[in-house]
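The values are calculated or read from the model by the stated rules, or taken from the named source; none is laboratory data. The structure presented is a predicted model; accordingly, all values stated were derived computationally and were not measured. All Cβ positions, even for glycine, are placed from backbone atoms using ideal geometry, and neighbour counts span all protein chains on display. The area values use the complete protein model at the heavy-atom level, side chains included, leaving out ligands, DNA and RNA. Shrake-Rupley method; radii C 1.70, N 1.55, O 1.52, S 1.80 Å.
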Amino acid sequence: QVQLVESGGGLVQPGGSLRLSCAASGFTFSSYAMSWYRQAPGKERELVAPLTSGDGTTKAADSVKGRFTISRDNYKNTVYLQMNSLKPEDTAVYYCNAYGPLIVTATTRYNYWGQGTQVTVST
C-alpha cells in the first residue's frame, strides 16, 4: 500500500524554522517526483516546493521567496521541507505529494497525497 506520512509540523513563532518530513512507502520512491503543497482554510491548495525524481536539494518555489528548501533522501525514502523565516501567512496544512513514475515509457502516472501536517506560525 502506498503511504505518505508527513511529520514535523507544529507551532512556531514568526521568524522561526521548521523542517517537515514525508516518509514514503509502497512505491519506487526514486522514480517519483516529490513536492510539497499547502492549504490554508478557505484557500486553494498551492504548490510551494517542487522537486523532480532526481536526488538532491532544490530551493523552494517563488511563492515562498526562497525561504523554503525541498530535499530528498532516496535511501530513507523521505522528502524534507526546510522552512525558514516563517511568516503568519505560512500557516496551513502542508501536504506531501508524489507523482510518477517519471519514466518516458510509462503509460500511467499516479498522484499520491499524504494526510498533511499542520503548521501554525503565530506568537
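Evaluated against (1) buried (at least 17 other Cβ atoms within 10 Å of the Cβ); (2) of a type outside the set (V, I, T); (3) free of Cβ contacts under 8 Å to residues at least 40 places away in the same chain, A98 falls short on exactly one condition, (3). Against the list (1) without any contact (Cβ under 8 Å) to a residue 40 or more places away in the chain; (2) closer than 22 Å to L102 by Cα, the condition G42 fails is (2).
Could you please give the count of residues in the range 1-35 that are in a strand (DSSP E or B) and either modelled with pLDDT under 95 or not hydrophobic (A, V, I, L, M, F, W, C) (or both)? Before you say what the answer is, go through the steps one by one.
Filtering the range 1-35 for residues in a strand (DSSP E or B) gives 3-7, 10-12, 18-25, 33-35.
The next check asks that each one be either modelled with pLDDT under 95 or not hydrophobic (A, V, I, L, M, F, W, C) (or both); those that pass are 3, 6-7, 10, 19, 21, 25, 33-35.
So the count comes out to 10.
The numbered conditions (1) in contact with a helix residue (DSSP H, G or I) (Cβ under 7 Å, 6 or more places away or on another chain); (2) among the aliphatic types (A, V, I, L, M); (3) part of a strand (DSSP E or B) are all true for L102 except (3). One residue stands out among those in the range 78-93 that are open to solvent by less than 50 Å² (accessible area, probe 1.4 Å) and among the polar types (S, T, N, Q): the one that is nearest to A33 (Cα to Cα), which is T78. Cβ-Cβ under 7 Å, sequence separation 6+ or interchain: first residue in the range 65-83 and in a loop (DSSP other than H, G, I, E, B), partner not small (G, A, S). Which pairs? Between residues of the range 65-83 that are in a loop (DSSP other than H, G, I, E, B) and residues that are not small (G, A, S), the close pairs are G66/K59; R67/M83; R67/N84; N74/F29; N74/D55; N77/F29.
Of the candidates Y112, Y95, the single residue that is among the aromatic types (F, W, Y) and either at pLDDT below 85 or out of contact with any Gly (no Cβ under 7 Å at 6 or more places or on another chain) (or both) is Y112.
Restricting attention to the range 56-77 and to residues that are open to solvent by 30 Å² or more (accessible area, probe 1.4 Å), within 15 Å of A23 (Cα to Cα) and charged (D, E, K, R), the residue that is modelled with the highest pLDDT turns out to be K76.
Number of residues in the range 111-123 that are closer than 17 Å to L51 by Cβ, in contact (Cβ under 8 Å) with a residue 60 or more places away in the chain and open to solvent by 40 Å² or more (accessible area, probe 1.4 Å): the value is 2.
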